[in-house]
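One structure below.
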Amino acid sequence: MRRHGERMASARAAIDEQTWTFYLLSLYPEVEQQVNREIAGATGGHPLSAAHLDALPYTIQVIQEAMRLYPPVPLIVRTPRQDIRLENEEIRAGTALFVPIYAVHRHEAYWSKPDEFEPSRFEPQTAKARDRYIYLPFGAGARICLGQPFALWEATAILATLLNSVRLRLWPDYIPEPRPRITLRPARGMPMRITTRSRPEVI
């Protein structure tokens, strides 16, 4: 039952993350156009396959930035096994520590214009220079999600496949309200208009 529950939570997180990504692309059509150009260049107008994924670095950056703004799990709890000190605070072993990932991902001390959607934050050299513990969509340390590489690969494949076929636009004047449950999801859903693409955009 526990394993089934974990799979269900993982599937729910994937759905929610795609929802937020399409929301952001609707607000930033110039980013969506760049993603579409990359997909078209990689696939040549053919259906996406696993072999194309390595040729979609910008698409992956878009997903990573979406997970920064709307992390699938916005809060995690950790318990120290021994007494520790954080600056002037003494924390006893067994104390529940709440790590607000949503807040860390939008903290002005760590991110320039933290509320802006800027996929360039995840260009390889920029991401490599960043402190490991200010970007935590999959957790960190010994309890980091072991499925991280597959989850990112899966999200990229789903996004690229859908963008090859459809265009989604947010319902006019709709403002989603993020609500943390098991995962971070829009409280009243994400109403969007879907139109089909007559053909893929080709460079």
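The values are calculated or read from the model by the stated rules, or taken from the named source; none is laboratory data. None of these values were measured; they are calculated from a predicted model. With ideal geometry, Cβ positions are generated from the backbone for all residues, glycine too; neighbour counts draw on all protein chains shown.
Can you go through 76, 84, 101 and tell me which one is in contact with a strand residue (DSSP E or B) (Cβ under 8 Å, 6 or more places away or on another chain) and more than 25 Å from residue 16 (Cβ to Cβ)?
It is 84.
Residues of the stretch 33-55 being surrounded by 15 or more Cβ atoms within 10 Å (Cβ to Cβ), closer than 20 Å to residue 196 by Cβ and small (Gly, Ala, Ser), which ones?
40, the sole residue that qualifies.
Looking at the stretch 63-80, which of its residues are at pLDDT below 90 and among the charged types (D, E, K, R)?
78
Mind checking which residues of the stretch 31-41 are in contact with a helix residue (DSSP H, G or I) (Cβ under 8 Å, 6 or more places away or on another chain) and touching a residue at least 60 places away in the same chain (Cβ under 8 Å)?
Answer for the stretch 31-41, where residues must be in contact with a helix residue (DSSP H, G or I) (Cβ under 8 Å, 6 or more places away or on another chain) and touching a residue at least 60 places away in the same chain (Cβ under 8 Å): 31, 32, 35, 36, 39, 41.
From the list 186, 180, which one is modelled with pLDDT under 90, within 19 Å of residue 69 (Cβ to Cβ) and surrounded by 11 or more Cβ atoms within 10 Å (Cβ to Cβ)?
Only one candidate qualifies: 180.
Name every residue in the stretch 63-93 that is under 8 Å from the mean Cα position of the chain (by Cα) and either of a type in the set (Val, Ile, Thr) or part of a loop (DSSP other than H, G, I, E, B) (or both), in order of residue number.
63, 70, 71, 72 - these are the residues of the stretch 63-93 that are under 8 Å from the mean Cα position of the chain (by Cα) and either of a type in the set (Val, Ile, Thr) or part of a loop (DSSP other than H, G, I, E, B) (or both).
Taking residue 144 as the residue in question, decide whether it is at pLDDT below 90, exposed (fewer than 15 other Cβ atoms within 10 Å of the Cβ) and touching a helix residue (DSSP H, G or I) at 6+ places or on another chain (Cβ under 7 Å).
Criteria not met by residue 144.
Name the pairs whose Cβ atoms lie under 7 Å apart, with the first residue in the stretch 71-88 and touching a residue at least 60 places away in the same chain (Cβ under 8 Å), the second surrounded by 10 or more Cβ atoms within 10 Å (Cβ to Cβ) and part of a loop (DSSP other than H, G, I, E, B), and 6 or more positions between them or separate chains?
Short answer, once both residue conditions are applied: 72/183; 73/183; 75/100.
More than 18 Å from the chain's Cα centre (by Cα) and on the phi > 0 side of the Ramachandran plot - does that describe any residue in the stretch 30-39?
No, because not a single residue in the stretch 30-39 is more than 18 Å from the chain's Cα centre (by Cα) and on the phi > 0 side of the Ramachandran plot.
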